[in-house]
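Worksheet: one structure, shown below.
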Amino acid sequence: MYCIFKVKGGNKTALIIVAILLVVAIAISILGPKQEETSDAAGSMGDFTLVIDPGHGGIDGGAVAADGTKESDINLAIALKLRALAEFYALENAMTRQDDSSRSGPERYSEHEDLVSRADFVNAAENPVLISIHQNCYPTGQPSGPQVLYAATESSESLGKLTHQNLIGSLYPGNRRVAEPASRKLYVLNHVSCPAILVECGFLSNLSDLAKLSDSSYQTTLSTVLMASYLQYRTGLTGT
Ligand SMILES: [Zn+2]
């Protein structure tokens, strides 16, 4: 049987990913299909909207790898796979962009306008949970692996630490990087009023990361871990 979740790293990695997928299955059995009727219960599972934010886009390609690969393209590819999973599981979702475009006005690009528009979009969603997708870059090629940053709320910290733990455990065992609070420079995470994280999936400046991040199967694996983390968070199956 063809396994789309095959990644390098041996049996331990495969087992961890299988474990995460089992959590997804459990979560889905709890969530069930999307209900048409509404519930009055606070925190009802049907009330959340997963807002997927592929960073950059249009004239703003974000970080650019030595081979010309643009961060904005990888962000979008992973985001579309995450949305496909959300659709498959009948989860409410929304994307800040669905193609290679910015949210700035059409006549003159403004980074600030783009970021303000993204934050406004998130805040307008019904009970949003934000996952912003980015790629890292560094002057040297050494750093590798994911890095999750979280907004300044307890719920964001919980989602951020959980997601980081899942990403490292599944894809980069042994990596000692930890989830961190977002700096004040990250506009969107500082201007939304919901659980919000920014996931730097890897380093475009690291050749091994770049090869993986450019690979469709690896992008699928990443999106699967992000979905599993979102569902773990929503169902309270946060582990330690
Ligand atoms: Zn970025």
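Taken together, the values in this text are just the output of simple stated rules run on the coordinates, not laboratory data. Computed from a prediction, not measured in an experiment: that's the story for all the values here. With ideal geometry, Cβ positions are generated from the backbone for all residues, glycine too; neighbour counts draw on all protein chains shown.
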Between residue 88 and residue 153, what length comes free when the chain is fully extended (0.36 nm per residue of separation minus the Cα-Cα distance, one decimal in nm)?
-> 20.5 nm
Debye equation applied to the C-alpha atoms of the range 71-150, log10 I(q)/I(0) at 0.16, 0.23 Å⁻¹ | -0.76, -1.28
Based on the Cβ-Cβ distance from residue 116 to residue 215, what FRET efficiency comes out when R0 is 25 Å, to the nearest 0.05?
-> 0.15
Distance in nm between pseudo-label sites at residue 99 and residue 80 (7 Å out along the Cβ direction from Cα) = 1.1
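Rounded if a/c is under 1.5, else prolate if a/b is larger than b/c, else oblate: which is the range 182-239, with a ≥ b ≥ c the root eigenvalues of its Cα gyration tensor? Working shown, then result.
Details: a/c = 2.97, a/b = 1.25, b/c = 2.37.
Because a/c hits 1.5 or more and a/b fails to exceed b/c, the range 182-239 counts as oblate.
Report, please, the projected area of the range 103-147 averaged over directions, based on the convex hull of its C-alpha atoms, in nm².
Numbers: hull surface 19.6 nm².
Mean shadow area of the hull around the Cα atoms is 4.9 nm².
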Around residue 90, which amide H atoms from residues at least 5 apart in sequence, or from another chain, sit under 5 Å from its own amide H, with H modelled in the peptide plane?
-> none
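Give me the percent relative contact order of the range 146-216, please, defined on Cα pairs under 8 angstrom at least 6 residues apart. If you can, show how the numbers build up before the last one.
On the way: 94 pairs, mean separation 29.5, N = 71.
Relative contact order for the range 146-216 comes out at 42 percent.
Give me the number: length gained by fully extending residue 64 to residue 109, i.e. 0.36 nm times residue separation minus the C-alpha to C-alpha distance, one decimal in nm.
Values: separation 45, 0.36 × 45 = 16.20 nm, distance 1.85 nm.
Taking residue 64 through residue 109 to full extension adds about 14.4 nm, to one decimal.
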